[in-house]
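First up is the structure itself, then whatever we jot down about it.
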Amino acid sequence: MKEALKRLEQTRVLVVGDLMLDRYYWGDVSRISPEAPVPVVKVGREEVRLGGAANVVNNLTALGCKVGVCGLIGVDDSGREVKQMLTDRGVDTSLVFADSSRPTGVKLRVLAHHQQMLRCDWERVAPLGDAELKKILAGLEGVLDSYDGVIVSDYGKGLITRELMAGLVKLVSARGKLVTVDPKGMDYSKYKGAACMTPNEHEASLASHMPILSESDALKAGERLMKDCGLDMVCITRGAKGVMAIKAAGGHQLLPAQAREVFDVTGAGDTFISLFSGLLFGGVDFFDCVRWANLAAGIVVGKLGTATVSLSEILSYEESPFRLYTLQDIEELARSLHRQNKKIVFTNGCFDLLHAGHIQYLQESRKQGDVLIVGINSDESVRRLKGPARPVIQEEDRAHVLGALAAVDYVVIFEEDTPLDLIGKIQPDVLTKGADYTVDTVVGHDLVTGWGGEVRLINLKENRSTSGIIQKISSDRTS
């Protein structure tokens, strides 16, 4: 599967769908407005992300696929911003058309303390006109030979009409390629001729006119959708209950949910169809495609807002139960986190015989940003620093214990005596160290401040140390 995931870098995917822009205002709430019984959000940070079908594109580029996109934007600043963001990611935007009759779809979310407080939408829902339909189909005919398959990302805003789907399926089928669909609405007959659909449980229930209360219900609903729409495959995503995957010629499987923690389900369907389709277009077995897409969706729901996952995150999530990363993978992960505008906090240490002082220190470090990466000295490095009797706990066990802490997002082992090279690879926004240091004695302080980051010193619990614990154990034995 590592080889299959690496093949994504050679896979060419065209996304057709409703393009949107997601704006986020992040802040804190400490009081209620005197004007009305509503919380006052003191905004501290603004963020812009690709939304709708553009988030599918964003997921594909994060996976390394070569991507093109077809859709409509308004003749407005938001539309120009969407197109520029896509272009900056190396996406072919030649089939992104400006339509003066509709604004670019925008969703504004206001969040505080990891909770969504308010959402405002700007949009005009209207079916595609005849002139736009002809222009899009002509454009599609000119580029489809350059792609391995097409994802239709329907957000119900009017682009994906019955006429567009019929024309698209005809063009793609004539080239012996596949169309996958993330559907919307109650009438799925317009998607007839697609290879696979990926509705969630609620959508599948509405479209099949069947309540889904059990695994057998999900299977029956999926089989009905396959029959009604002439599908070869269907995946019904069921949230915490997993994914029901059905193949006309190969039976079915129920795959359990993979999420370790759920912060936000926004965009999980985009992540699922992106990885699923990229692998399917690359010739990977259907059930393997579902398994890995399910894993990727499990990762993305642990992030806030519309987000993506990288290949290294997927592989590490699968292989390591305690989020242990290699030096190469942590560098790739850090790049992905920076692209998502995550505030990365880094700290390091031996963390031998974990104690309450360590826990408090890590908890305070995590509060300094969005993600905490912890670097730990390898066994050889600890021996060089602390003598042949250390460490007491070997490196993988130390990493396992750290990774199980809620405050720690990722762990990486480094061989050097200092984390200087590791800091350069991660480029954290915040570097933390205990208050027994001064800023100018913290390794890497000049690097971090040089790229605009900060060094923050964390107060430590008194009389808490691994050396003290070892001394106490030794004295108790001899007394």
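The values are calculated or read from the model by the stated rules, or taken from the named source; none is laboratory data. This is a predicted model, so every value here is computed, not measured. Cβ sites come from the backbone with ideal geometry, for glycine too, and all protein chains shown count toward neighbours. Surface accessibility is based on the protein's heavy atoms, side chains included, excluding ligands, DNA and RNA. Shrake-Rupley method; radii C 1.70, N 1.55, O 1.52, S 1.80 Å.
If you fit an axis through the alpha-carbon atoms of helix 286-300 and take the longest principal axis of the Cα set of the chain, what angle between them do you get, 0 to 90°, nearest 10?
That works out to roughly 50 degrees.
Based on Cβ point charges of +1 for Lys and Arg and -1 for Asp and Glu, what charge dipole magnitude is obtained for the chain about its Cα centre, in debye rounded to the nearest 20?
Approximately 600 debye in magnitude.
With Kirkwood's inverse mean 1/r over C-alpha pairs for Rh, give me the Rg to Rh ratio of segment 105-237, two decimals please.
1.03
Rounded to whole Hz and in sequence order, give me ³J(HN,Hα) for segment 42-54 from the Karplus expression 6.51 cos²θ - 1.76 cosθ + 1.60, θ = phi - 60°, writing x for Gly and Pro.
8, 6, x, 8, 10, 8, 10, 9, 6, x, x, 4, 5
As I understand it, the value is the acute angle between the Cα axis of helix 130-143 and the longest principal axis of the Cα atoms of the chain; what does it come to in degrees, rounded to 10?
Helix 130-143 sits roughly 60 degrees off the main axis of the chain.
Taking θ = phi - 60°, what integer Hz values does the Karplus form 6.51 cos²θ - 1.76 cosθ + 1.60 yield along segment 30-39, in sequence order, with x for Gly and Pro?
Here the 3J(HN,Hα) series is 10, 7, 9, 5, x, 8, 6, x, 10, x Hz.
Filter the cross-link list K6/K135; K134/K220; K83/K177; K2/K192; K190/K247; K177/K227 down to pairs whose alpha-carbon distance in this structure exceeds 31 Å.
K6/K135; K134/K220; K2/K192
Near the amide H of V181, under 5 Å away, which other amide H atoms are found, from residues 5 or more places off or on another chain, if H is placed in the peptide plane?
Close amide H contacts, sequence-distant or interchain: V152, C196, M197, T198.
Relative contact order for the chain: what percent, with Cα pairs under 8 Å and sequence separation of 6 or more?
Contact order relative to length: 11 percent.
Roughly how big is segment 140-235's charge dipole about its Cα centre, with Cβ charges of +1 (Lys, Arg) and -1 (Asp, Glu), in debye to the nearest 20?
280 debye
Quick one: 3J(HN,Hα) in Hz for segment 400-416, Karplus 6.51/-1.76/1.60 with θ = phi - 60°, rounded, Gly and Pro as x.
4, 5, 4, x, 7, 7, 4, 6, 9, 8, 9, 10, 9, 9, 10, 8, 6
Amide H to amide H under 5 Å from V309: which residues, 5+ apart in sequence or cross-chain, H placed 1.01 Å off N in plane?
Those qualifying (amide H under 5 Å, at least 5 residues apart or on another chain) number zero.
Working out 0.36 nm times the residue gap between H338 and S216, then minus their Cα-Cα distance, what length gain in nm do you get to one decimal?
Working: separation 122, 0.36 × 122 = 43.92 nm, distance 4.26 nm.
Result for the pair: 39.7 nm of gain on full extension.
Taking a ≥ b ≥ c as the square roots of the eigenvalues of the Cα gyration tensor of segment 1-119, is the shape rounded (a/c under 1.5), prolate (a/b larger than b/c) or oblate?
Oblate is the answer for segment 1-119, as a/c is 1.5 or above yet b/c matches or exceeds a/b.
Can you give the calculated 222 nm mean residue ellipticity of the chain, where each DSSP H run of n ≥ 4 adds -39,500 (n - 2.57) and the sum is split over every residue, rounded to the nearest 500 deg cm²/dmol?
So the calculated ellipticity at 222 nm is -11500 deg cm²/dmol.
What nm value, rounded to one decimal, do you get for the distance between W122 and V29 when each label is placed 7 Å out toward the C-beta?
In this crude spin-label approximation the distance works out to 2.5 nm.
Taking the Cα centre of segment 1-149 as origin, sum charge times position over the Cβ atoms of Lys and Arg (+1) and Asp and Glu (-1), and report the length of that vector in debye to the nearest 20. Numbers along the way, then the final one.
Values: 20 positive and 21 negative charges, 84 e Å.
Charge dipole of segment 1-149: 400 debye, to the nearest 20.
If you find the alpha carbon centre of segment 1-48 and of segment 328-403, how far apart are they in angstrom?
Segment 1-48 and segment 328-403 have Cα centres spaced 28 Å from each other.
Just to verify a number: what accessible area does D217 come out at with the full protein assembly present, 1.4 Å probe, Å² rounded to tens?
Using a 1.4 Å probe on the heavy atoms, I get roughly 40 Å².
Accessible area of the chain with a 1.4 Å probe: how many percent of it is carbon plus sulfur? Don't skip to the answer; put the middle values down first.
Numbers: 10780 of 21340 Å².
Carbon and sulfur: 51 percent of the exposed surface of the chain.
Place a point 7 Å from Cα of A248 in the direction of its Cβ. Which residues in segment 156-194 have their backbone N less than 16 Å from it?
Residues passing the 16 Å test: 169-170, 173-174, 176-181, 189-194.
Tell me the angle of helix 327-339 to the major Cα principal axis of the chain, expressed in degrees between 0 and 90 and rounded to the nearest ten.
The angle comes out near 60 degrees.
Counting pairs of alpha carbon atoms under 8 Å apart in space and at least six apart in sequence, what relative contact order in percent does segment 88-169 give?
Details: 58 pairs, mean separation 21.7, N = 82.
The normalised contact order for segment 88-169 reaches 26 percent.
In segment 77-145, with Lys and Arg counted as +1 and Asp and Glu as -1 at Cβ, which of these residues, P103, Q84, Q116, has the Cα nearest the positive end of the dipole, that is, farthest along it?
Of the listed residues, the answer is Q116.
Please enumerate, by chain and number, the aspartates and glutamates with C-alpha under 13 Å from the C-alpha of K342, excluding those fewer than 8 residues away in the same chain.
Within the straight-line limit of under 13 Å, K342 reaches these aspartates and glutamates: E46, E47, D370, D409, D429.
Where Lys and Arg each count +1 and Asp and Glu each count -1, what net charge lies around V382 among other residues with Cβ under 14 Å from its Cβ?
Taking every Cβ under 14 Å from that of V382, the sum is -4.
Net charge within 14 Å of A248 by Cβ-Cβ distance, Lys/Arg positive one each and Asp/Glu negative one each, not counting A248 itself?
That sum, taken over residues with Cβ under 14 Å, equals 0.
For the chain, with every protein chain kept in place, what is the accessible area per residue (1.4 Å probe, Å²)?
Normalised by residue count, the accessible surface of the chain is 45 Å².
Would you kindly state how much longer the chain becomes between K386 and V40 on full extension, computed as 0.36 nm times their sequence separation minus their alpha carbon distance, in nm to one decimal?
This chain segment gains 119.4 nm when fully extended.
For Y437 paired with L457, estimate the spin-label separation in nm (one decimal), with each label point 7 Å from Cα along the Cα-to-Cβ line.
1.1 nm
If we count every other residue with Cβ under 13 angstrom of K83's Cβ, Lys/Arg +1 and Asp/Glu -1, where does the sum land? Working shown, then result.
On the way: positive: R80, R89; negative: D76, D77, E81, D88, D92, D99.
Here the charged neighbours net out to -4.
What does the extension gain come out to for K227 and L354, with contour length at 0.36 nm per residue minus their alpha carbon separation?
40.0 nm
Taking the alpha-carbon set of segment 412-458, what are its Rg and Dmax in Å?
10.2, 27
Around Y155, which amide H atoms from residues at least 5 apart in sequence, or from another chain, sit under 5 Å from its own amide H, with H modelled in the peptide plane?
Distant-sequence amide H within range of Y155: D18.
How far is it, in nm, from the label point at S101 to the one at Q363 when both lie 7 Å from their Cα along the line to the Cβ?
It works out to 5.9 nm between the two label points.
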